[in-house]
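Note sheet for the following structure.
The values are calculated or read from the model by the stated rules, or taken from the named source; none is laboratory data. Bear in mind that the values here come from a model prediction, so they are computed numbers and not experimental data. Positions of Cβ are generated from backbone atoms using ideal geometry, with glycine treated the same way; all protein chains shown enter the neighbour counts.
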Amino acid sequence: MRSIRHWTPRYVRNRVAAALYQRRNMDKPWLTPAANSMLATLLKPTDAGIEWGSGRSTCWLAQRLATLTSVEHDPAWHGRVREMIAARGLTNVDYRLVTERDPEGPERSPYVRVCAEMPDRSLGFALVDGVIREFCALAVLPKLAPGGVLVVDNINWFLDHPTHSPASRVGKGPANERWGEFVRHVAGWRMIWTSSGVTDTAIFFKPCAR
């Protein structure tokens, strides 16, 4: 049986507010309201971007970036989002369906390694919001340009940070060794942690070269 201990009055208020926001903003990414507001000003029309995990974010991002590579693992969902892209007439999206698994481990997965095709320091933006997120987050770090923006959704599931959102790792440390490695890599990066009280989204900024 699922725990209901997180159903406090605070959580109920946050859950209602989050539901109302999503209902009123069906065209925006399924991120926290604060993250969406910041991204609306952070993204540049000259940026190349990548996202793992497609959906409402795909069209929204494509309308604000020069190019977007979007990686999806679910065939049925890929079909729905492909129709959304076509309906909006977007031609700057390289939309990939990648279902293969590599027997040597997730880090060798074609899903993760889509970004291996991209030159180092070439991306202005990356969103990690799909499967095997720790491997995607690590793989994309060298691909980000100085000053580039990295977004990790549901970050409270993976990293230890003060938050009231349920299923969080407050006081527990990173979720696994790979997330621990990620923390070490971004230790000197500027980061903004946003929360709706239901789920959290973190925005990381790659330091600019001196």
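So here's what we get for this one:
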{"read-out": "Scope the stretch 122-150; condition over 14 Å from Ala175 (Cβ atoms), touching a residue at least 40 places away in the same chain (Cβ under 8 Å), assigned to a helix (DSSP H, G or I) and not hydrophobic (A, V, I, L, M, F, W, C); matching residues", "value": "Lys143"}
{"read-out": "The stretch 50-86: number of residues that are among the polar types (S, T, N, Q), under 17 Å from Asn36 (Cα atoms) and touching a Phe, Trp or Tyr at 6+ places or on another chain (Cβ under 8 Å)", "value": "3"}
{"read-out": "Some residue of the stretch 145-157 being closer than 17 Å to Arg178 by Cβ, surrounded by fewer than 21 Cβ atoms within 10 Å (Cβ to Cβ) and either more than 13 Å from the chain's Cα centre (by Cα) or of a type outside the set (S, T, N, Q) (or both)", "value": "yes"}
{"read-out": "Extreme residue, modelled with the lowest pLDDT, among residues of the stretch 9-49 that are surrounded by fewer than 13 Cβ atoms within 10 Å (Cβ to Cβ) and not in a helix (DSSP H, G or I)", "value": "Met26"}
{"read-out": "Looking only at the stretch 151-196, and only at residues there that are in a strand (DSSP E or B) and not basic (Lys, Arg), the one that is farthest from Leu31 (Cα to Cα)", "value": "Met191"}
{"read-out": "Selection count, the stretch 88-121, where residues are among the β-branched types (Val, Ile, Thr), touching a residue at least 24 places away in the same chain (Cβ under 8 Å) and not in a strand (DSSP E or B)", "value": "4"}
{"read-out": "Residue satisfying condition, being modelled with pLDDT of 95 or more, closer than 19 Å to Leu61 by Cα and of a type outside the set (D, E, K, R), within set Gly173, Gly147, Gly180", "value": "Gly147"}
{"read-out": "Leading residue by the ranking (nearest to the chain's Cα centre (by Cα)) among those in the stretch 50-80 that are assigned to a helix (DSSP H, G or I) and among the aliphatic types (A, V, I, L, M)", "value": "Leu61"}
{"read-out": "The stretch 168-189, subset closer than 18 Å to Ile203 by Cα, small (Gly, Ala, Ser) and more than 17 Å from the chain's Cα centre (by Cα), residue surrounded by the most Cβ atoms within 10 Å (Cβ to Cβ)", "value": "Gly180"}
{"read-out": "The one condition in (1) touching a Lys or Arg at 6+ places or on another chain (Cβ under 8 Å); (2) surrounded by 15 or more Cβ atoms within 10 Å (Cβ to Cβ); (3) closer than 19 Å to Ile132 by Cβ that Asp102 fails to fulfil", "value": "(2)"}
{"read-out": "So Asp160, is it over 17 Å from Ala126 (Cβ atoms), in contact with a Ser or Thr (Cβ under 8 Å, 6 or more places away or on another chain) and surrounded by 16 or more Cβ atoms within 10 Å (Cβ to Cβ)", "value": "no"}
{"read-out": "Of all residues making up the stretch 42-59, the number that are closer than 17 Å to Leu123 by Cα and free of Cβ contacts under 8 Å to residues at least 60 places away in the same chain", "value": "2"}
